[in-house]
Amino acid sequence: MIHVAVQQEPIDQATEFAAIMAAGVGGIATFVGVVRGDDGVTTLELEHYPAATEAALQELAEEAVARWGLSATSVVHRVGLMRPGDLVVFVGTAATHRAAALDSCAFLIDRLKTQAPFWKRETRDGEARWVEPRGSDADAAARWEET
């Protein structure tokens with residue numbers, strides 16, 4: 001089971017987890033990203049190009065399933081205006097063994113940060129600014145390159 005969604009609505013992590021749980025396997029890993037309020041961030045706005053974003057997430061999910069033999073994976077990402085404490089992303093993976101579940105979950109979050117076309121704008125002290133990609137995100141994604 002592969003489930004990929006890009007949505008403005010809040011993420012229902014209980015529903016997403018239940019779908020992964022239904023795979024009935026030995027190991028489940030999840031990652032939930034939350035809007036941080038550090039450094040005075042009052043809002044986060046994510047924009048995307050729908051067809052390209054959904055295709056990129058689908059491709060990453062398919063790669064994870066093939067690479068780790070997953071029974072299920074769910075990747076749900078929010079777009080639009082969010083505030084500190086809101087959920088931005090849910091990634092869940094289910095595999096026969098914990099190592100595959102954990103590694104594939106890390107792979108998905110590391111790679112979606114660099115391969116899915118999202119544009120991020122943060123507001124601090126009433127001033128909005130576009131956020132540039134971080135080198136540390138590229139480094140995290142690079143560790144999953146197959147040689």
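The values are calculated or read from the model by the stated rules, or taken from the named source; none is laboratory data. Computed from a predicted structure; not experimentally measured. Using ideal geometry, Cβ is built from the backbone for each residue, glycine included, and neighbour counts are taken over all protein chains shown. For the accessible areas, the whole protein counts, side chains as well, though only heavy atoms, and no ligand, DNA or RNA atoms are used. Shrake-Rupley method; radii C 1.70, N 1.55, O 1.52, S 1.80 Å.
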Accessible surface, per residue, of the chain when the full set of protein chains is kept, probe 1.4 Å, Å²: 54 Å²
Nearest-20 debye value, the chain charge dipole, Cβ charges on Lys, Arg, Asp, Glu: 220 debye
Farthest toward positive dipole pole in the stretch 65-128 [+1 Lys/Arg, -1 Asp/Glu at C-beta], among Ile109, Gly85, Ser71: Ser71
Added length on full extension, which subtracts the Cα-Cα distance from 0.36 nm per residue, Gln8 to Thr114: 36.1 nm
Accessible heavy-atom area order of Arg121, Arg143, Arg134, highest first, probe of 1.4 Å: Arg143, Arg134, Arg121
Accessible surface of the stretch 32-135 [probe 1.4 Å, protein heavy atoms]: carbon and sulfur percent: 50 percent
GNM result for the chain, Cα springs below 10 Å: residue of Arg36, Arg111, Arg67 fluctuating most strongly: Arg67
